1. When DSSP beta bridges are limited to those with both residues in the range 131-236, what percentage is antiparallel, rounded to the nearest 5?
2. Have a look at the DSSP beta bridges in the range 179-310 and tell me what percent are antiparallel, nearest 5.
3. Please report the projected area of the chain's Cα convex hull averaged over all directions, in nm².
4. Give the calculated FRET efficiency between residue 100 and residue 136 to the nearest 0.05, with a Förster radius of 25 Å applied to their Cβ-Cβ distance.
5. Grab every C-alpha pair in the range 131-236, bin the distances at 10 angstrom width from 0 up to the longest one, and report whole percents.
6. Once fully extended, how much extra length lies between residue 260 and residue 57, figured as 0.36 nm per residue of separation less the alpha-carbon to alpha-carbon distance?
7. When 129, 143 are ordered from fewest to most other Cβ atoms inside 10 Å of their Cβ, what list results?
8. Give me Rg/Rg_expected for the range 75-192, where Rg uses Cα atoms only and Rg_expected = 2.2 N^0.38 Å with N residues.
Ligand code: FAD
């Protein structure tokens, strides 16, 4: 069996594997796609000590770093089921979609998340060419430009407030007839001079000139009329879906499906830890996920030294 089995090969899982293997214990990583969301990212400018890099390069360096150590990397493998240890300090089982079963004295779950998309024409075509899902990452790219934020929940309204300080103008578009964000955020949003709020609006298309976004079309659901807004960027903030479906019923999940962790990265199941975007961690960023991966691995190590027989 493994001492630490990591599920997920994004920034959180890779960092957990590095930390675990440096303790000289048997470490494995199961991942569907090593690198994770970073593979879909263009410029990364907010990982301290690396002023600029690109997603695929960052992912390759993550993998290189893990390969410096004696880590068993099982790539293109999907974890399908977790069975908690039968006794304290016993073995946790991870069953793969292939049917293979892996046993480990501790597990770090780092399966990440995916952004919910609008599924409208132009969205995929202009992804990273004006369509983006991450205001913390891409806000500065739209300095002095006009953007839309799709979604009037907390994340959409927070994004609009954040972006209003950077870009020339923000149009916030909400499907419902009211914003769902906390009242204090809505008040702040309404006080900003360069923000328009459009409710009861269904986004129907992202427009572009072939190389970048030029606008957005929405239907006013009260009149059924179609409107076009000219802009350079569209920030989609309609939800982040954690990759945790396979864990429901075993590990405690929040109402949003995030794995509930404490400050040590512990889950509700003894010997099972979690890190990164699949958890209740409040911020979904590479450096935050990497840090959480280190925390989870060190907590797993702590669990091992407390539960192993002398
Ligand atoms: P992920 O990166 O999502 O990795 C999850 C891993 O788990 C993957 O290897 C996946 O294949 C694997 N996996 C999932 N389910 C299973 C399963 N059942 N079995 C086995 N393996 C599984 N953050 C920044 O800090 N700066 C940026 O500039 C930035 N730009 C971004 C741009 C885009 C387009 C996107 C989508 C995100 C961006 N982010 C950025 C956010 C950042 O990518 C994430 O916060 C970070 O990747 C989270 O790391 P993670 O390891 O928790 O999860």
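1. So the antiparallel bridges amount to about 45 percent of the total.
2. That works out to approximately 95 percent antiparallel.
3. 17.3 nm²
4. The formula returns an efficiency of 0.10 here.
5. The distribution over the range 131-236 is 16, 51, 30, 3, given as percents.
6. On the way: separation 203, 0.36 × 203 = 73.08 nm, distance 3.11 nm.
My answer for the length gained is 70.0 nm.
7. With the fewest neighbours first, 129, 143 line up as 143, 129.
8. Details: Rg = 21.1 Å, N = 118, 2.2 N^0.38 = 13.5 Å.
Expressed relative to 2.2 N^0.38 Å, the Cα Rg reads 1.56.
Any read-out appearing in this document is the output of simple, stated calculations on the displayed coordinates, not a laboratory observation. Just so it is clear, the structure is predicted and the values come from calculations on it, not from any experiment. Neighbour counts are summed over all protein chains in view; Cβ atoms, including those assigned to glycine, are modelled from backbone coordinates with ideal geometry.
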